[in-house]
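Shown next, in structure tokens, is the structure this report addresses.
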Amino acid sequence: MTQSRREALRRQQESQQRAKRLQRVIIVGAIVLAVVVAGVFATIFISQLNKPSAVPGASAGVPVNATADQSGIIVNPGKFADGVPKAEIFLDYQCPVCKQFETTFGPTLDDLASKGEIQLIYRTMTFLDSNLRNDSSSRAGIAAACADNAGAFAAYHGAIFAGQPETEGTGYTTQQLRVDFAATAGITGDKLTPFQQCYDNRATADFVQGTNEAASKGGVNSTPTIMVNGTKLDNNTVFQQSAEAFRQTILTTKGNG
């Protein structure tokens, strides 16, 4: 074999060896990359498994129109101008006198609120659950707060009182709170399922408990309690008024400060 031929053969062998080394490097690199990718996906998968399961409706824990301190629900946000009277209604949905108040004066408050002539806030209390040994005040409050997220708080609030049992302590049924009152309030179609999920999961329970505690800490110990610009109205006087006289009381009551 000539020297030139031997040299050519040597170069060919070296080239083949380099190709094999490169192939091994590529294979090893691919294996390492696959292991890294698998590790990343495993980490993501495990982290997702460790996350709390998403509960439908749970994101609705605070009603969209809650006050800044989460102690009530504003009926007409954005509709009232600065300086208009602030009317606060403290209520328990099992309270018969609250139903009487709603029946007599609810339309007046709704009218004033819709026109932006007052700022209207409802503050739910639940103390009658203990007195009546049931949980209907809380469940109704939870449902009403869920209705706020469906854009129908005022209508649902009215439906609860309209459907209040004649015998105090009978309480509200699940059918009423999930279905009947929702239909009356116009919570239908795409809005119904999120509302029912919110109610079923008691998503707004902490909010309702908080409104009750805030009212109690503020010295409110009976319902209905009506406050205008921080001044508590006398219920005996209120219930003797006509709807028009009550309207004027709301519009003219000065603050207590």
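Values quoted throughout were computed directly from the atomic coordinates according to the rules given, and no laboratory measurement underlies them. The shown structure was predicted, so the numbers you read here are calculated from the model rather than taken from an experiment. Backbone-built Cβ (ideal geometry, glycine too); neighbour counts: all protein chains shown.
Just to be sure I understand the model, the point goes 7 Å from the Cα along the line to the Cβ. What's the resulting ASP135 to ASP82 distance in nm?
It works out to 4.4 nm between the two label points.
Under 10 °C and 1.306 mPa s, how fast does segment 197-257 diffuse according to Stokes-Einstein, given a Kirkwood radius computed over C-alpha pairs? Answer in µm²/s, whole number. Please list the in-between numbers first.
Details: Rh = 13.9 Å.
For these conditions, the coefficient is 114 µm²/s.
Provide the percentage of antiparallel DSSP beta bridges, counting only those with both residues in segment 60-252; round to the nearest 5.
Numbers: 9 of 15 bridges.
Antiparallel bridges make up about 60 percent of those DSSP assigns within segment 60-252.
Run the numbers on segment 60-252 and let me know its relative contact order in percent, using alpha-carbon pairs under 8 Å that are six or more apart. Intermediate results must be reported in sequence, preceding the final value.
Working: 312 pairs, mean separation 61.1, N = 193.
Here the relative contact order equals 32 percent.
Roughly speaking, what % of Cα-Cα pairs in segment 60-252 are separated by over 27 Å, rounded to a whole number? Mind showing how you got there, number by number?
Values: 4055 of 18528 pairs.
That tail contains 22 percent of the Cα-Cα pairs.
How large is ³J(HN,Hα), in whole Hz, for each residue of segment 89-100 in order, when computed from phi with the Karplus curve 6.51 cos²θ - 1.76 cosθ + 1.60 and θ = phi - 60°, using x for Gly and Pro?
Along segment 89-100, the couplings run 10, 9, 9, 10, 5, 9, 7, x, 5, 5, 5, 4 Hz.
Taking amide hydrogens as modeled 1.01 Å from N in the peptide plane, which residues meet the under 5 Å criterion relative to LYS86, leaving out close sequence neighbours?
The list, which skips near neighbours in sequence, is GLN119, ASN229.
Which whole-number percentage describes the relative contact order of segment 135-204, with Cα contacts under 8 Å and a sequence gap of 6 or more?
Working: 65 pairs, mean separation 30.9, N = 70.
Contact order relative to length: 44 percent.
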